[in-house]
Every structure is written in structure tokens, then in C-alpha cells.
């Protein structure tokens, strides 16, 4: 029994010595190896970070500035905003440009922007970004509303204030009549085939249109 324990201990000692020797040789080889240049992963130029913050990648959206030529600048647009005092029922129309504000008693209405869809769009929307500050009984001014208001869809953003209400009425601006890809079609003639002229049935006196040749042949017995 003692001999077996002695042999097991000897085997463990040999394994420790051999493992230590191989570990020492590996450490020596790493120390002797010259420090070469580190391998770098190639990163595409388009994916490299650019100025604007850590991890921010700037890309070219490919927008053509000519598409916006002719539209009214934001600073030159004019909006009409309605103001209602629910206590006395007084209603006013405030004409403002983006950046302007008007004070009426204890309320200040400020216009930040206004927008209107182009005439050729199917759905027409007139919107105004309005901010309303109200002075309370403690003489302190507090923000009562801030957001977009739409004339055609007032339920999209409701002003929830017990005394005052504001809404968008109009936004005066112009749109470009032409663009870089606009083609004029004035004066062009239609190439669509002309419809057959109606003929009059001599027996009944009613007008009837002759059926196409394909329909006449298919109906023949």
C-alpha cells in the first residue's frame, strides 16, 4: 500500500517538473522574439468615424439643393394663429412670423415654424409649431403648450389648458413652379386613338356606338 502511494507521489512530482520546464521554455521564447508590427484590420473609408462626435459617421445624403430652390424661407413665412379666452369667449387672430411672439393679457403666443403641403399633394395640411406661455395667479409664467397644430386635423394635438386655446389657421408660403427635372407639356397633342363617332339607328332613331371589330367577330355565330 505504501509503495503505491510512493509511486503516485513520484508520478505527480514528475508531471509538475515537466510542466514547469515547458512553461519556462515558452516564456523564454516569447521574451526573445522581436516585437513586430501589429496586424490591423482594414476599415473602409466610408465606415471610418468623422468629425462630429465619437462613433458618429457622416454620410452624403445625395440631396440636390436645387430641389429646394424657389420655396419660401422659414423666416419669410407668415402664419395666422387663433387665440381663444374661454372665460370671456374673446377670440383673436394673431399674425406672426417664425420667431415672433405676441402677448395678449396673461398669455404669450410664440410661433416657431409653419408649414403647408404643396398644392399638387393629394392631402392638404396646414401646420404651425406654437408655444403658449400663461401667467398664473402667483404672477409666474409657465409653459401651457408647445407643439405642432394642424388646421385640417385639430385632434392630432389638442391644447389642454383650462383658460386658453390656440389653433393654426393659415401659413402663407410659395412653392417652386419648376424644378431641374420639370418638363413642359403645354401645346403637346395627345396620341390616344379617337373614339368612334356615334351612329344613328334609322329604325329607332337612337344613337348607338359601333362595337370594336374584335367584339363583332367574337359575337358572330
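Values in this text are rule-based calculations from the coordinates and carry no lab data. Not measured: the values here are computed from a predicted model. With ideal geometry, Cβ positions are generated from the backbone for all residues, glycine too; neighbour counts draw on all protein chains shown.
Would you please give the FRET efficiency between residue 72 and residue 138, computed as 1/(1 + (r/R0)^6) with r the Cβ-Cβ distance and R0 = 45 Å, to the nearest 0.05? Intermediate results must be reported in sequence, preceding the final value.
Working: r = 41 Å, r/R0 = 0.92.
Step by step, r from the Cβ atoms, then E = 0.65.
For the stretch 78-172, what value does the Rg/Rh ratio take when both radii are computed over Cα atoms and Rh is the Kirkwood radius, given to two decimals? Don't jump to the answer; show the numbers that get you there.
Working: Rg = 13.4 Å, Rh = 13.6 Å.
We get a ratio of 0.99 for the stretch 78-172.
Quick one: 12, 108, fewest Cβ neighbours within 10 Å first, how do they rank?
Sorted ascending by nearby Cβ count, the order is 12, 108.
Determine the gain in length on full extension of the stretch residue 160-residue 148; use 0.36 nm per residue of separation and subtract their C-alpha separation, reporting nm with one decimal.
Values: separation 12, 0.36 × 12 = 4.32 nm, distance 1.35 nm.
Roughly 3.0 nm would be gained on extension.
Evaluate the relative contact order of the stretch 78-172 (contact order divided by residue number), counting alpha-carbon pairs under 8 angstrom at least 6 apart; express in whole percent.
Details: 212 pairs, mean separation 28.6, N = 95.
Relative contact order here is 30 percent.
Pop a pseudo-label 7 angstrom from the Cα along the beta-carbon direction at both residue 102 and residue 122 and give the gap in nm to one decimal.
My value for the distance between the label points is 3.6 nm.
Provide 167, 120, 141 in ascending order of the number of other Cβ atoms located within 10 Å of each residue's Cβ, fewest first.
120, 141, 167
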